[in-house]
Amino acid sequence: MPFPEEPLSESLRGVEDLSLKFSVDVDVKANGELDAASRQQKVIDIILHKSPSNGKSMNIYCPGRRQWLYVIAVDCYNSKGSPTEALPLIIKNVMQVTESKSSQIGFVLLTGLSLLETKDLLSSCQVKLEQFDALVCSSGSEMYHPWRDFVVDEDYKSHIEYRWPGENVNSMIMRLANIENRAENDDMQLNQCSSQYYSYSIKPGAKNLKIDELRQRLRMRGLRCNLVYTHAASRLNVIPLFASRAQALRYLSVRWGIDLSRVILFLGERGDTDYGDLLGGLHKTVILRDSVNYAASEMDVHSEDGFKKDDILAQDSTKIAIAEGFEIHDISKVLGSFGLI
């Protein structure tokens with residue numbers, strides 16, 4: 001007597017939507033063994049040319065034969081949460097230092113700013129967006145390739161949108177904010193949104209919701225997402241669970257075939273609440289002193305038992321170097337210590 005099928009558990013429900021399934025037709029030898037070379041090539045062709053599960057066409061972006069990726073993820077804001085001119089200056093200096101090898105180096109910007117905010121900030125400081133191979137905006141929820149166009153990368157979107165609650169999370173965030181403050185008020189207001197993120201402005205002087213507690217309350221209600229305080233804790237970005245600046249960096253490494261050990265990541269001494277996620281990894285990290293004055297990661301937005309910076313950062317790591325500032329000579333010196341100049 002056959003056993004009846006058991007229902008999928010909640011943790012596996014919908015896993016067929018992950019776009020991980022593909023079939024492979026390969027050549028078979030006379031003795032029935034699979035031809036390894038044919039199988040490997042077929043798998044590569046299918047991965048590079050398959051369409052995402054949402055049925056939209058997928059464009060494969062490739063900026064050329066880059067040997068290195070220089071990734072700028074410095075979170076420069078003033079006390080009011082507005083971006084400062086330090087970020088464009090850092091970008092200019094990094095690009096100027098590497099000018100002689102510009103064809104071998106790809107530039108990527110990881111930021112908590114939206115695409116519109118990024119455009120406004122950099123255009124006013126005469127930084128050309130087309131110099132970037134990729135822009136990762138809104139804390140990792142959106143990716144663009146400005147050297148080609150400003151259309152969101154649909155393939156990356158299909159990777160991060162699994163179980164994204166979308167509009168449901170907006171109403172729940174506002175409800176939890178009102179419960180925490182025990183009254184309906186305007187301490188938190190929806191500032192910007194798209195199909196991939198919701199960004200809320202925090203009123204100056206208002207009590208910030210603890211990010212760990214808020215994440216737990218959302219999970220208890222079946223809403224799984226990633227939460228990032230940015231703009232010196234004056235903005236809360238709510239993004240898909242699998243979206244983050246660190247995840248976007250790994251995605252580009254795989255997509256463009258550049259090993260993470262050939263990635264140089266520029267950070268400040270502090271940053272948004274996802275700062276810790278960017279510190280660890282195979283990439284090399286350059287910390288620019290005095291580049292960040294106000295940071296969400298050092299404000300009262302974590303619970304007491306949350307991870308601290310010292311829990312993530314190995315003090316004796318050979319992959320992390322500290323620059324005394326963000327002027328050209330400071331950046332040149334620290335890149336020289338990695339043997340890159």
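Applying the set (1) touching a residue at least 60 places away in the same chain (Cβ under 8 Å); (2) assigned to a helix (DSSP H, G or I); (3) not hydroxyl-bearing (Ser, Thr, Tyr) to Arg163 leaves exactly one unmet item: (2). For segment 104-114, the condition of being within 23 Å of Tyr251 (Cβ to Cβ), surrounded by fewer than 20 Cβ atoms within 10 Å (Cβ to Cβ) and more than 22 Å from the chain's Cα centre (by Cα) holds for at least one residue. Within segment 48-78, the set of residues being at pLDDT 90 or above, over 17 Å from Gly106 (Cβ atoms) and either part of a loop (DSSP other than H, G, I, E, B) or not hydroxyl-bearing (Ser, Thr, Tyr) (or both) comprises Val74, Asp75, Cys76, Asn78.
Scanning segment 191-206 for residues that are of a type outside the set (Ser, Thr, Tyr) and either surrounded by 14 or more Cβ atoms within 10 Å (Cβ to Cβ) or outside the structural domain of Leu223 (by TED's automatic domain parsing) (or both) gives Asn191, Gln192, Cys193, Gln196, Ile202, Ala206. Given the condition over 18 Å from Leu249 (Cβ atoms), assigned to a loop (DSSP other than H, G, I, E, B) and among the β-branched types (Val, Ile, Thr), answer yes or no: does some residue in segment 149-158 qualify? Scanning segment 149-158 turns up at least one residue that is over 18 Å from Leu249 (Cβ atoms), assigned to a loop (DSSP other than H, G, I, E, B) and among the β-branched types (Val, Ile, Thr). Being over 19 Å from the mean Cα position of the chain (by Cα), farther than 29 Å from Phe107 by Cα and in contact (Cβ under 8 Å) with a residue 24 or more places away in the chain, is that true of even one residue in segment 186-200? Yes; the residues of segment 186-200 include at least one that is over 19 Å from the mean Cα position of the chain (by Cα), farther than 29 Å from Phe107 by Cα and in contact (Cβ under 8 Å) with a residue 24 or more places away in the chain.
The values are calculated or read from the model by the stated rules, or taken from the named source; none is laboratory data. All values reported here derive from a predicted model rather than from experimental measurement. Cβ coordinates were reconstructed from backbone atoms using ideal geometry, including for glycine residues, and neighbour counts include every protein chain displayed.
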